[in-house]
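Have a look at this one before I ask anything.
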Amino acid sequence: MLHGDVTVECQISDAAMDELAGVKGTESSARQAQFLTLRDAVESIASGIFDKGPVVKGQVVRIFTKHVRTDPPPNEATSGLPGGRPLQVITEISLQRP
């Protein structure tokens, strides 16, 4: 994820991805495909966590099951930095997004 010109590392636990997908026990070999399917929701959660906390140099946004909501994620148009500047979200997965 980018905050201006600064890259903010983001991580999501396997359990949180399974919770988001509504499944349990996804095989490691299926994680990249699962992430790509859930990418928009994961990015929205990461942005929300980042927005709630203080900006700390070198911070890592970590998503756990407690961060996964059962209601729909907030509208991406309304999430972002104070003043209405949206966050640009990137990932480190080497697959191209369709």
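If I ask for residues that are part of a loop (DSSP other than H, G, I, E, B) and more than 23 Å from H3 (Cβ to Cβ), which ones from region 14-67 would you list?
G22, V23, K24, G25, T26, E27
Only residues that are among the hydrophobic types (A, V, I, L, M, F, W, C) and more than 14 Å from the chain's Cα centre (by Cα): list them for region 16-50, please.
Selection gives V23, A30, A33.
Does A46 satisfy the condition of being touching a Pro at 6+ places or on another chain (Cβ under 9 Å) and closer than 19 Å to E9 by Cα?
The answer is no for A46.
Please name all residue pairs, on different chains or six or more residues apart, with Cβ atoms under 9 Å, provided the first residue is in region 53-76 and is closer than 14 Å to E43 by Cβ and the second residue is at pLDDT below 85.
Matching pairs, first to second residue: V61/M1; P73/S79; E76/P86.
The conditions are (1) over 19 Å from L2 (Cα atoms); (2) acidic (D, E); (3) at pLDDT 85 or above, and D71 fails exactly one of them. Which is it?
(3)
Taking the options R97, R39, name whichever one is modelled with pLDDT of 55 or more and more than 14 Å from V8 (Cα to Cα).
R39
Can you confirm whether E92 is among the acidic types (D, E), at pLDDT below 90 and in a loop (DSSP other than H, G, I, E, B)?
Against the criterion (among the acidic types (D, E), at pLDDT below 90 and in a loop (DSSP other than H, G, I, E, B)), E92 qualifies.
Follow-up. Condition first: hydrophobic (A, V, I, L, M, F, W, C) and surrounded by 14 or more Cβ atoms within 10 Å (Cβ to Cβ). Now tell me which residues in region 16-29 satisfy that.
Answer for region 16-29, where residues must be hydrophobic (A, V, I, L, M, F, W, C) and surrounded by 14 or more Cβ atoms within 10 Å (Cβ to Cβ): A16, M17, L20, A21.
State whether one or more residues within region 1-12 are in contact (Cβ under 8 Å) with a residue 40 or more places away in the chain, in a loop (DSSP other than H, G, I, E, B) and in contact with an Asp or Glu (Cβ under 9 Å, 6 or more places away or on another chain).
yes
The values are calculated or read from the model by the stated rules, or taken from the named source; none is laboratory data. What you are looking at is a predicted structure, and each value in this text was computed from that prediction instead of being measured. All Cβ positions, glycine included, derive from the backbone under ideal geometry; neighbour counts span all protein chains shown.
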